[in-house]
Amino acid sequence: MKRRKHTFEEKKEGDTFTVGFDQDFPPMGFVGDDGEYTGFDLELAKEVCDRNGWEFNPEPIAWDSKDALLKSGEIDCIWNGFTMNGREDEYTWSEPYLDNQQVFVVRADSGINSEKDLAGKTVDVQTDSSAEAALKDNTELSSTFSTEIIPDYNTGFMNLESGAVDAVAMDIVVAKYQIESRSAEFKILDYEIASEQYGVGFAKGNDAVKDQVQKTLEEMAADGTLAKISTKWFGEDITTIGK
């Protein structure tokens with residue numbers, strides 16, 4: 001008996017476009033003060049939907065269930081500060097739209113001024129994150145401190161604020177936003193654990209919808225919409241499409 005090969009088709013006007021995202025990942029995707037889902041990535045995705053006549057459906061997911069949801073078709077893509085590097089062959093990707101780095105965030109008054117000062121300290125890192133992967137790759141550094149796995153970055157910042165941990169390893173894009181929006185004083189160490197790129201991840205083989213999204217993103221870059229949304233969230237245009 002021949003197995004039917006799963007085929008992917010283009011979205012048509014009126015179709016639903018379901019975006020999988022981690023709702024505790026500001027500024028990419030999170031719950032706003034009004035209780036609605038918001039964020040830089042969700043705003044991009046909604047604009048893509050508006051331009052194609054699709055119904056935008058942001059779907060909060062547990063990050064470790066993302067692959068199963070994508071394969072089952074419950075979500076159309078993962079659009080959530082999703083790192084392409086090291087995952088190139090696991091998904092069908094859009095072109096990268098943001099550059100990012102993995103960095104350490106510490107309290108401004110901690111006396112920690114470089115990665116060497118983290119020796120003997122405790123560092124929070126989100127489960128299944130790029131920062132976790134980067135630290136595993138850099139055992140020379142990560143063996144000098146203890147690592148604590150956390151479910152989301154809000155927990156990390158609360159731990160940092162209370163003094164429960166000494167640093168959080170995380171995406172610089174997220175770190176800058178978090179530091180800006182919190183009252184406590186934090187600083188980013190001038191050390192790059194790793195650099196990477198963000199893309200929109202689709203199920204392997206789903207070039208049909210990926211191509212539609214990519215084309216729309218390129219149109220948004222050309223007419224200045226990407227720059228406008230980036231400036232709203234980050235104070236400057238940090239997007240990379242068409243650059």
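The values are calculated or read from the model by the stated rules, or taken from the named source; none is laboratory data. What you are looking at is a predicted structure, and each value in this text was computed from that prediction instead of being measured. Because the Cβ atoms are built from the backbone with ideal geometry, glycine has one as well, and the counts that use them run over all protein chains shown. Areas reflect the complete protein model, heavy atoms only, side chains present, ligands, DNA and RNA absent. Shrake-Rupley method; radii C 1.70, N 1.55, O 1.52, S 1.80 Å.
Overview of values
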{"read-out": "The range 179-193 - phi-based ³J(HN,Hα) in whole Hz, Karplus 6.51/-1.76/1.60, Gly and Pro as x", "value": "4, 5, 9, 10, 7, 5, 8, 10, 9, 9, 5, 7, 8, 9, 5"}
{"read-out": "Measure of compaction for the range 25-70 (Cα Rg per 2.2 N^0.38 Å)", "value": "1.23"}
{"read-out": "Residues whose placed amide H lies under 5 Å from that of residue 186, excluding near-sequence neighbours", "value": "108"}
{"read-out": "Rg and Dmax [Cα atoms of the chain; Å; Rg one decimal, Dmax integer]", "value": "18.7, 67"}
{"read-out": "Solution diffusion estimate, µm²/s, Stokes-Einstein, the range 64-116, Kirkwood Rh from C-alpha pairs, 20 °C, viscosity 1.002 mPa s", "value": "150"}
{"read-out": "Pairs of alpha carbons in the range 191-230 whose separation is greater than 14 Å (percent)", "value": "62"}
{"read-out": "Computed Rg/Rh of the range 165-218, alpha carbon atoms with Kirkwood Rh", "value": "1.16"}
{"read-out": "Theoretical ellipticity at 222 nm over the chain - DSSP helices of four or more residues, -39500 (n - 2.57) apiece, nearest 500", "value": "-9500 deg cm²/dmol"}
{"read-out": "Ratio of the Cα radius of gyration of the range 68-170 to 2.2 N^0.38 Å, where N counts its residues", "value": "1.23"}
{"read-out": "Long-range HN-HN contacts of residue 98 with modeled amide H, under 5 Å", "value": "198, 240"}
{"read-out": "Rounded tilt (10° steps) of 225-234 against the dominant C-alpha axis of the chain", "value": "20"}
{"read-out": "Per-residue HN-Hα couplings for the range 120-127 [Karplus 6.51, -1.76, 1.60; θ = phi - 60°; Hz; x = Gly/Pro]", "value": "x, 9, 10, 10, 7, 8, 6, 4"}
{"read-out": "Accessible surface, 1.4 Å probe, highest first, among residues 47, 219, 236, 185", "value": "185, 236, 219, 47"}
{"read-out": "Cα-centred dipole magnitude for the range 185-243, charges only on beta-carbon of K, R (+1) and D, E (-1), debye, nearest 20", "value": "200"}
{"read-out": "Two-site label geometry, residue 72 and residue 181: point separation in nm, points 7 Å out along Cα→Cβ", "value": "2.9"}
{"read-out": "Paired Rg and Dmax values of the range 120-163, which use every Cα atom, in angstrom", "value": "10.4, 29"}
{"read-out": "3J(HN,Hα) from dihedral phi, the range 76-88, Karplus parametrisation 6.51/-1.76/1.60, rounded to Hz, x for glycine, proline", "value": "8, 7, 10, 9, 6, x, 8, 6, 7, 4, x, 10, 3"}
{"read-out": "For the range 12-106, fraction of C-alpha pairs farther apart than 23 Å, in %", "value": "25"}
{"read-out": "Farthest positive-ward along the chain dipole, Cα basis, beta-carbon charges - from 85, 39, 184", "value": "85"}
{"read-out": "Residue-level accessible surface for residue 77, protein heavy atoms, 1.4 Å, Å²", "value": "0"}
{"read-out": "For residue 92, solvent-accessible area (1.4 Å; no DNA, RNA or ligand), Å²", "value": "20"}
{"read-out": "Listed residues 158, 111, 212: farthest to the positive end of the dipole of the chain (Cβ charges)", "value": "212"}
{"read-out": "Accessible-area value, residue 89, 1.4 Å probe, nucleic acids and ligands omitted, Å²", "value": "130"}
{"read-out": "Where 7, 127 fall by accessible area, highest first, once all protein chains stay in place (1.4 Å)", "value": "7, 127"}
{"read-out": "Accessible area in the full protein assembly, largest first, 1.4 Å probe, for 158, 170", "value": "158, 170"}
{"read-out": "Rounded to 5, percent antiparallel among DSSP beta bridges of the chain", "value": "60"}
